[in-house]
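Everything below concerns the one structure shown next.
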Amino acid sequence: MARDQSDHVQVAQRALCELLTQHAGIELVATLTANDDAYEDIDAEVAFVVGGDGAILRACRWFGTTQIPILGVNLGRLGFLADLSQEALPEILDELANRKFEVISHLMFECHHRKALGGSECYLGLNETALLSAASLSLIDVELAINGDPVTTYSGDGLIISTPVGSTAHNLSAGGPILRQDLRAFVVTPICPHTLTVRPIVDRADAEYQITAPSVPEGVMLVIDGQIKVPFESGDVVTIRQANVSFQLVRVEGHRFYHTLHRKLGWDGQPRYQRGRIERGTADD
């Protein structure tokens with residue numbers, strides 16, 4: 001699957017197709033590009049998604065209620081989900097053909113947007129729902145209720161409700177915690193809260209989260225996975241709950257969650273100069 005029309009993505013997609021068709025233990029049953037307007041059920045064990053994490057977000061939403069396990073081929077920058085490099089593909093094809101991989105289920109969510117002026121929309125997402133002050137350039141008051149119980153009113157630049165997969169995305173940059181990707185929970189993180197005692201919270205995946213904002217200026221946006229952007233108006237109601245489907249991620253042997261964080265976030269532990277002094281036995285008392 002390579003729906004990005006960028007030259008480097010299309011070149012990588014053609015190279016991958018050639019690699020797969022040449023392998024005796026693998027059958028390539030379909031190739032999906034931007035020319036495919038609608039998804040039809042495909043009998044496949046693994047979907048290779050060429051691009052980056054954004055391509056995976058688009059792919060799992062496109063698959064809808066029929067999720068195919070996804071193996072991401074990273075052509076992007078960070079790649080928490082698409083962490084397999086194009087150069088490493090030939091080395092793992094035998095493992096795939098012999099089914100030496102695991103499929104891990106991850107929480108997805110449904111975001112229901114009921115509009116004050118009538119009508120509603122429902123979106124499927126993997127990373128997060130965010131209500132942002134955006135073009136309003138104003139402080140906004142966002143009310144949160146969990147399972148019908150009022151939690152608080154957040155005054156600031158917005159609010160993020162993230163899955164564990166999305167915890168290393170917008171949630172992380174807003175100061176929220178990192179959650180293991182296979183946890184069943186949501187994390188609620190305010191963006192630049194005006195009240196310093198308001199901190200991120202983690203709650204159950206089977207709870208229902210409702211966001212309202214009785215009075216918002218023009219320009220406030222509801223954003224799903226950083227890709228779907230719709231205006232949010234006073235009196236609109238947003239409800240987030242776990243979806244009936246899960247994102248299926250293929251992990252080859254040797255993958256470790258904290259090793260990925262170490263590589264992607266540059267966790268080197270102690271500063272290099274201090275670590276070197278300790279190793280030489282010359283650290284200060």
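Summary table
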| item | result |
| --- | --- |
| Those trypsin sites (Lys or Arg not before Pro) in the stretch 38-83 that DSSP places in a loop and that have at most 14 other beta carbons within 10 Å | ARG77 |
| The chain - percent of accessible surface contributed by carbon and sulfur, probe 1.4 Å | 48 |
| Solvent-accessible surface (1.4 angstrom probe) belonging to MET221, in square angstrom, nearest 10 | 50 |
| Hydrodynamic radius (Kirkwood) for the chain, which is based on Cα pairs only, to one decimal in Å | 20.7 |
| Net charge dipole size for the stretch 98-249 [Lys, Arg +1 and Asp, Glu -1 on Cβ; Debye, nearest 20] | 500 |
| For the stretch 1-129, fraction of C-alpha pairs farther apart than 20 Å, in % | 48 |
| For the chain, size of Cβ-based charge dipole, Lys and Arg +1, Asp and Glu -1, in debye | 740 |
| Under Karplus coefficients 6.51, -1.76 and 1.60, residue-wise ³J(HN,Hα) of the stretch 170-176 in Hz, glycine/proline x | 4, 4, 5, 5, 8, x, x |
| Cleavage-rule hits (trypsin sites (Lys or Arg not before Pro)) in the stretch 80-174: DSSP loop, at most 16 neighbouring Cβ within 10 angstrom | ARG99, LYS100, LYS115 |
| For VAL49, residues with placed amide H under 5 Å, excluding near neighbours | LEU71, GLY72, VAL73 |
| Cβ-derived FRET efficiency at R0 22 Å, HIS8 paired with ASP36, nearest 0.05 | 0.65 |
| Only Lys, Arg (+1) and Asp, Glu (-1) charged, at Cβ; the stretch 70-112 dipole about Cα centre in debye | 80 |
| Solvent-free Debye scattering, log10 I(q)/I(0), computed from the Cα coordinates of the stretch 102-231 at q = 0.13, 0.17, 0.18, 0.20 Å⁻¹ | -0.50, -0.87, -0.98, -1.23 |
| Lysines with Cα under 28 Å of LYS264, excluding same-chain neighbours fewer than 8 positions away | LYS100, LYS229 |
| Inter-label distance, nm, simple model (7 Å from Cα along the C-beta direction), LEU20/SER85 | 2.2 |
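The values are calculated or read from the model by the stated rules, or taken from the named source; none is laboratory data. Please read all numbers here as calculations on a predicted model, not as lab measurements. Reconstructed Cβ throughout: ideal geometry from the backbone, glycine too, with neighbour counts over all protein chains shown. Side chains included, ligands, DNA and RNA excluded: accessible areas come from the protein's heavy atoms. Shrake-Rupley method; radii C 1.70, N 1.55, O 1.52, S 1.80 Å.
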